[in-house]
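Participant: The structure is given below, and queries will be raised subsequently.
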Amino acid sequence: MSPSFGDLGAAYELAVAADLIKRGFDVFRNLSPNGPADLLVIKSKKILRVQVKGTYAGRYVFAQSGCDIFAAHSGGSLTYYVKEGNGIELLLRGAMVYLVREKKPLQLVDWCPIGLVEPTSVIPARAA
């Protein structure tokens, strides 16, 4: 019997939470499946909202809906997307991080193939 989408989503959230704890964040999980963020994290006196998405047939929904960090879980690896200019990438030192050049919070784009990144909107973060 395959796990449900809800079970998979919970597993992805726990994987991201574990990774962020290893990176020195305090992590709080939303108890509601329909909340504005999946996780709240605190580091260096910054409170950040995290949206977690996993893959489905090699694709994920690139959505952030006002969150500070978008975490994509694919095949056991994690990639973080953060808005350029707010310094969040420095808190994720050592992780795979991409900066998103947007003036507004990221919105639901559509199903995007893993690895498909528009070069005009997403750039790799520089290692600090």
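Participant: Can you tell me how much longer the chain between N86 and I21 gets when fully stretched, taken as 0.36 nm per residue apart minus their C-alpha distance, in nm with one decimal? Please report the intermediate quantities before stating the final value.
Facilitator: Working: separation 65, 0.36 × 65 = 23.40 nm, distance 2.08 nm.
Full extension of this stretch gives 21.3 nm more.
Participant: Order by neighbour count: D68, D26, fewest other Cβ atoms within 10 Å first, most last.
Facilitator: Details: D68 20, D26 11.
So the ranking, lowest neighbour count to highest, is D26, D68.
Participant: Next up: Taking 0.36 nm per residue of sequence separation and subtracting the Cα-Cα distance, how much length would be gained by fully extending the chain between S44 and F28, in nm to one decimal? Working shown, then result.
Facilitator: Details: separation 16, 0.36 × 16 = 5.76 nm, distance 1.54 nm.
Extra length available between S44 and F28 comes to 4.2 nm.
Each value in this text was obtained by applying a stated rule to the coordinates, not by laboratory testing. All values derive from a computational prediction rather than experimental measurement. Reconstructed Cβ throughout: ideal geometry from the backbone, glycine too, with neighbour counts over all protein chains shown.
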